[in-house]
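First comes the structure, then the notes that go with it.
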């Protein structure tokens, strides 16, 4: 229980140390940042075991009891998200050792990266609604700065666009929190849920739900709110693109949405219906726009929108099997999308371009990038033995069981489209004739190769999470969402 | 009730400013207006006319007090708003260096 605040303390402390000493001592930033993310990964893996033993753990900040003080809650969903975030971020910091050499001010990159990480871990672990807003802003500000990290014209433009839309979204979320506070006069998530169940929810709560949906939907880049993502994600340095597309939109968007709707406000049929519609639209629009792209990273960014659509669609179906599929797809997508963005970074590192038309036949020159990206592409498009296949299969079966026949058909068709544009990426970049200009290029440093290989192995093996021994990891997260309003009883039970 | 509606009007003015204006600086000002509208609304939720600070002293009965929690929260929110504004203004200055204009209809190198 004492370890819960360390998910925020470690990255914040690391950011502080790196910004203080990073410039003076050589390699200090690399070592400290990697140690920090390694500690976080080990802690988050340990948290799985804690959740197995205790179900729910509550840490009272400053010793105040929750309705008054702030608390941190560790339950199944929290530990599931923590593992996802910290696993990906650990591999990304290793990758950055080699990749970020070409940028100046590497230590500033690590400072911002650690702030981003502390914001995300904070969002996941907090049990207080305003605290969630503060961490959300920490993560958002760090991400605006990281998108503009290269300070080229396009990056600044993308960052400005992203910052404006992100700030408007944050204002919506703050407005929703203010309205909810005026109705329930408490900010603790469990307590809000308790008051709402006693007072009943009127028009105001519906309005709050809409504001939350707009705010978190913008952060998750669901389709009517997606305009910033295809600019912002490709403009950032590759490790940050991987971080933003891999875990950032899931934590700020999907996780926060789930927590607020399932555990605090309570889901109604209307909300489920809206989520299904948003999910299906995101799926289609993202896939259709991805096919037309020539820029590798832009294609991946549109693909992220499409895959987030799958997750939201699955959560909107709302049956236990569908939620299992949605969370499983979230985990899978975090792995293969960060792998693909790291691959695109590796291509850019070696050739200096991201234009598909100018690449070709790179398999001979960059074999590791080629084969890992093949695994990633096949996994995301749902080719059978790989992880992505199982999660999509579960989602589609659940949709059929729940009677969403049209949406399930659309999901299958979008999956075929996904295969099409990833095959396009593979054939343009890695197969065919080698462009004369790339005869002398080589793979990047060993650290970059290491994290790509590890991520590829994980992509292949995520299907194993469904076997009975490893299944509690996913199942405990699903149970938290299925609990719905019962969340408050569990949290208050753990306090006493 | 009318104060709340005025907050909403202020929020909409900010939103209009962000959506319709073409100058980057005006968009940033619009963002500031949105933030102020939300902060003002948050403070007003806990405010009472002729209310006083909830400081507990001996032999004093406080009947009409202002809720201090929204004020503490708004203080945090203002600091966050400051950080965001500073960052966006810094980005705007760099954009001006690169493009030589503040007009967003001319800053369009990203497409698709």
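All of the numbers you see were taken from the coordinates with simple rules; none came from a lab. Everything quoted here is computed from the prediction, not taken from an experiment. Glycine also receives a Cβ, built like all others from the backbone with ideal geometry; neighbour counts cover every protein chain displayed.
Below 8 Å, C-alpha to C-alpha, sequence gap of six or more: please give me the relative contact order for segment A:368-496 in percent.
Values: 75 pairs, mean separation 44.3, N = 129.
Across segment A:368-496, relative contact order equals 34 percent.
Once the C-beta distance of residue A:435 and residue B:36 is scaled by a Förster radius of 51 Å, the resulting FRET efficiency is 0.40 to the nearest 0.05. Over chain B, the Kirkwood radius and the radius of gyration, each from Cα atoms, give a ratio Rg/Rh of 1.18.
To the nearest whole number, what is the average tally of beta carbon atoms from other chains within 10 Å of the beta carbons of peptide B:64-75?
Numbers: counts 0, 0, 0, 3, 0, 5, 4, 0, 1, 8, 2, 0.
Mean inter-chain Cβ contacts per residue within 10 Å come to 2.
The label-point distance for residue A:210 and residue B:22, in a model that sets each label 7 Å from Cα toward Cβ, rounds to 3.2 nm.
Counting Cβ atoms of other protein chains within 10 Å of each residue's Cβ and taking the mean over peptide A:398-409 gives 0. Footprinting exposure proxy ranking of A:422, A:103, fewest other C-beta atoms within 10 angstrom first, gives A:103, A:422. In the P(r) worked out for segment A:200-323, what percent of Cα pairs fall beyond 18 Å? Tail of P(r) above 18 Å: 50 percent of Cα pairs. When restricted to Cα atoms, segment A:395-496 yields an Rg and a Dmax of 22.1, 70 Å, respectively. Here the relative contact order of segment A:329-403, from alpha carbon pairs under 8 Å that lie six or more residues apart, stands at 34 percent.
Based on alpha-carbon positions alone, could you give the equivalent ellipsoid semi-axes of the protein assembly as shown from the gyration tensor, as √(5λ), descending, whole Å? Before the final figure, lay out each step's value.
Working: eigenvalues 290, 158, 115 Å².
Equivalent ellipsoid of the protein assembly as shown: 38, 28, 24 Å, largest first.
FRET efficiency for residue B:48 and residue A:9, Cβ-Cβ distance as r, R0 = 35 Å, nearest 0.05?
Values: r = 38 Å, r/R0 = 1.10.
Computed FRET efficiency for residue B:48 and residue A:9 comes out at 0.35.
Viscosity 1.567 mPa s, temperature 4 °C: Stokes-Einstein D of segment A:27-148 from its Kirkwood Cα radius, in µm² per second?
Values: Rh = 15.4 Å.
Answer from the Stokes-Einstein relation: 84 µm²/s.
Summarising the label geometry, the points placed 7 Å from Cα in the beta-carbon direction at residue A:203 and residue A:273 lie 1.9 nm from one another.
Label reach from residue B:90 (point 7 Å along Cα→C-beta): in segment A:17-46, amide nitrogens under 14 Å belong to A:19.
For an R0 of 56 angstrom, estimate the FRET efficiency from the Cβ-Cβ distance between residue B:71 and residue A:295 and round to the nearest 0.05. Intermediate values should be presented prior to the final figure.
Details: r = 48 Å, r/R0 = 0.85.
Working from the Cβ atoms, E equals 0.75.
Across peptide A:276-289, the average count of Cβ atoms from other chains found within 10 Å of a residue's Cβ is 0. Projected label points at residue A:20 and residue B:101, each 7 Å from Cα along the beta carbon direction, are separated by 4.7 nanometres.
Normalised by 2.2 N^0.38 Å, with N the number of residues, the alpha-carbon radius of gyration of segment A:247-401 equals 1.12. Over segment A:6-495, what is the relative contact order in percent, taking alpha-carbon pairs closer than 8 angstrom and at least six residues apart? Relative CO of segment A:6-495 lands at 18 percent.
Listing A:329, B:50 from fewest to most neighbouring C-beta atoms within 10 Å gives B:50, A:329. The ranking of A:308, B:33, A:138 from fewest to most other beta carbons within 10 Å of each one's beta carbon is B:33, A:138, A:308.
Given the rule -39500 (n - 2.57) for each run of at least 4 DSSP H residues, summed and divided by the residues of chain A, what is its mean residue ellipticity at 222 nm, to the nearest 500 deg cm²/dmol?
On the way: 19 runs with 349 residues, N = 496.
Result for chain A: -24000 deg cm²/dmol, rounded to the nearest 500.
Among A:58-68, A:442-452, how do they line up from the highest to the lowest mean number of other beta-carbon atoms within 10 Å? Walk me through the numbers on the way to the answer.
Working: A:58-68: 14.2, A:442-452: 19.0.
In decreasing order of mean packing, A:58-68, A:442-452 become A:442-452, A:58-68.
How far is helix A:189-199 tilted off the main Cα axis of chain A, in degrees rounded to 10, range 0 to 90? Between the helix axis and the principal axis of chain A, the angle is about 40 degrees. Taking the alpha-carbon centroid of each part, what is the distance from segment A:371-393 to segment A:278-302 in angstrom? For segment A:371-393 versus segment A:278-302, the Cα centre distance is 17 Å.
At 1.567 mPa s and 4 °C, plugging the Kirkwood radius over alpha-carbon pairs of segment A:86-159 into Stokes-Einstein gives what diffusion coefficient in µm²/s? After rounding, the answer is 98 µm²/s.
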